[in-house]
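The values are calculated or read from the model by the stated rules, or taken from the named source; none is laboratory data. Note that the coordinates shown come from a computational prediction; the quantities given were computed from them, not determined experimentally. No Cβ is skipped: glycine too gets one built from the backbone with ideal geometry, and neighbour counts run over all protein chains shown. The protein model used for the area step is the full one, side chains on, heavy atoms only, and it has no ligands, DNA or RNA in it. Shrake-Rupley method; radii C 1.70, N 1.55, O 1.52, S 1.80 Å.
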Amino acid sequence: MKRNYVVPPAFAPSPSPWPDLGGGPLAIVLPCVDVRLSPEQALSLATLRRWAPEVPRFLVVPEGLTPDWAHDDFHLLAIPAAAMASVADYNRMMLTPWFYRLFAGFGAILIFQTDCLLLRDDLAAWAARGWSYVGAPWFSSKRGRRLKGVGNGGFSLRRPADALAALESDAFSPWPRYGQQFRRFASFKHGGLLARTLAAARRDAAAEPLGTRFVRHFQRPEDEFWSDYAPFFHHAYRLPPPRAALDFAFEPRPADCLALNGGRLPLGCHAWAKMDRAFWLERLAERDPSLLEVLHSDEPSV
């Protein structure tokens, strides 16, 4: 079954007053709706603690949820429950200005879902490169080795200032600026989707910027917006080439990604247990075998 990303237009939680989350060059944002963690999720968090111990971490949970696992090393941020009630609601949250205003004091944020792994300690160096958005590249086909774009949002580095600039923009430049945009919008399907969504946004009478109205009518995964659509709204929006982004993250076909990246492991990965559990457990055993102990712990969620 295909996921439905359509949510009621009235969904627009706006925390008030805005919490003061501080600021700095980088923060890690971990969205979570699980009271307890599976052993695989506990391993994901163990890698985060292992290779980014000094980076500020925010645990984003719906109001009313109390995690039953050790999270004292996170800043707990409870947001309106409606923002994380479903996949569609989460998707919408990641396209709304209020979410990025929460982290406006940080130069970059790493979105780290509970099915990710962190594999190296150079996260700060990646943040310093100034990309507006980078996620694990997508392949153009199930078997081919050509990469079509950057990339998946589950493990992604984002600049809140650039996200806000795109969402709060009233400008739209009709010319694709990146190769992945040319490839996507050359197709009738995606070119038509862009035209229909833009037309709906311009008909929308709400007193909001064009970018915000556009995402209200956008019915695709949020990472597709940040990968392909956001550059139309912000002239300074910067994406890395897909081959360069391979060094940032893998998602599908990690063995192929490893070969394309010259045998070098990426900074991290998304959906590791789903895509190729054995591959990633072998890589972790090479990196730090002590991390795997959490899979056999009597209290894996701690």
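Within the range 52-67, count every residue that is in a loop (DSSP other than H, G, I, E, B), closer than 20 Å to MET93 by Cβ and open to solvent by less than 20 Å² (accessible area, probe 1.4 Å).
So the count comes out to 1.
Give the residue that is most open to solvent (accessible area, probe 1.4 Å), with candidates limited to residues of the range 179-204 that are at pLDDT 95 or above and either among the charged types (D, E, K, R) or over 17 Å from ARG220 (Cα atoms) (or both).
The extreme case among them is ARG203.
Can you pull out every residue in the range 221-240 that is closer than 11 Å to LEU95 by Cα and either charged (D, E, K, R) or open to solvent by 60 Å² or more (accessible area, probe 1.4 Å) (or both)?
GLU222, ASP223, GLU224
Out of the residues in the range 32-44 that are in a helix (DSSP H, G or I) and either in contact with a strand residue (DSSP E or B) (Cβ under 8 Å, 6 or more places away or on another chain) or modelled with pLDDT under 95 (or both), state the one that is nearest to MET93 (Cα to Cα). Explain how you work it out, then say what you get.
Keep residues of the range 32-44 that are in a helix (DSSP H, G or I), which gives 39-44.
This time we only want the ones that are either in contact with a strand residue (DSSP E or B) (Cβ under 8 Å, 6 or more places away or on another chain) or modelled with pLDDT under 95 (or both), so: 43-44.
Working: LEU43: 26, SER44: 23 Å.
So, considering only residues that are in a helix (DSSP H, G or I) and either in contact with a strand residue (DSSP E or B) (Cβ under 8 Å, 6 or more places away or on another chain) or modelled with pLDDT under 95 (or both), the one nearest to MET93 (Cα to Cα) is SER44.
Sort out which residues of the range 33-51 are surrounded by fewer than 22 Cβ atoms within 10 Å (Cβ to Cβ), out of contact with any helix residue (DSSP H, G or I) (no Cβ under 8 Å at 6 or more places or on another chain) and hydrophobic (A, V, I, L, M, F, W, C), and write them in order of number.
Hit for the range 33-51 is VAL35, nothing else.
For residues that are among the hydrophobic types (A, V, I, L, M, F, W, C) and either part of a loop (DSSP other than H, G, I, E, B) or open to solvent by less than 10 Å² (accessible area, probe 1.4 Å) (or both), tally how many sit in the range 68-87. I'd like the intermediate steps shown before the answer.
As a first pass, look at the range 68-87 and keep what is among the hydrophobic types (A, V, I, L, M, F, W, C): 69-70, 74, 76-79, 81-85, 87.
Next, only the ones that are either part of a loop (DSSP other than H, G, I, E, B) or open to solvent by less than 10 Å² (accessible area, probe 1.4 Å) (or both) stay: 69-70, 74, 79, 83, 85.
Total meeting the criteria: 6.
Would you check if ALA249 is open to solvent by 30 Å² or more (accessible area, probe 1.4 Å) and on the phi < 0 side of the Ramachandran plot? Walk me through how you get there before you give the answer.
Working: open to solvent by 30 Å² or more (accessible area, probe 1.4 Å): no; on the phi < 0 side of the Ramachandran plot: yes.
Answer is no for this residue.
With without any contact (Cβ under 8 Å) to a residue 24 or more places away in the chain and not polar (S, T, N, Q) as the only criterion, which of GLY192, GLY211 stands out? So that I can check it myself, show each step before the final result.
Numbers: GLY211 fails: without any contact (Cβ under 8 Å) to a residue 24 or more places away in the chain.
Only one candidate qualifies: GLY192.
Looking at the range 209-220, which of the residues that are closer than 13 Å to THR197 by Cα and assigned to a loop (DSSP other than H, G, I, E, B) is most open to solvent (accessible area, probe 1.4 Å)? First the steps, then the outcome.
Applying the first criterion (closer than 13 Å to THR197 by Cα) to the range 209-220 yields 210-220.
Add one more test, that the residue is assigned to a loop (DSSP other than H, G, I, E, B), and what stays is 217-220.
Details: HIS217: 62, PHE218: 0, GLN219: 106, ARG220: 65 Å².
Looking at residues that are closer than 13 Å to THR197 by Cα and assigned to a loop (DSSP other than H, G, I, E, B), I get GLN219.
State all residues of the range 135-182 that are touching a Lys or Arg at 6+ places or on another chain (Cβ under 8 Å) and either part of a strand (DSSP E or B) or within 23 Å of PHE250 (Cα to Cα) (or both); if no residue qualifies, say none.
Those that are touching a Lys or Arg at 6+ places or on another chain (Cβ under 8 Å) and either part of a strand (DSSP E or B) or within 23 Å of PHE250 (Cα to Cα) (or both): PRO137, TRP138, PHE139, SER140, LEU147, LYS148, GLY149, PRO160, GLN180.
Looking at ARG277, ARG243, can you tell me which residue is in contact with a Pro (Cβ under 9 Å, 6 or more places away or on another chain), assigned to a helix (DSSP H, G or I) and either open to solvent by 30 Å² or more (accessible area, probe 1.4 Å) or at negative phi (or both)?
Numbers: ARG277 fails: in contact with a Pro (Cβ under 9 Å, 6 or more places away or on another chain).
Exactly one residue qualifies, and that residue is ARG243.
Could you tell me whether any residue of the range 147-164 is modelled with pLDDT under 95 and over 14 Å from TRP226 (Cβ atoms)?
Initial filter on the range 147-164 (modelled with pLDDT under 95): 147-151.
Now restrict to residues that are over 14 Å from TRP226 (Cβ atoms): 147-148.
Yes.
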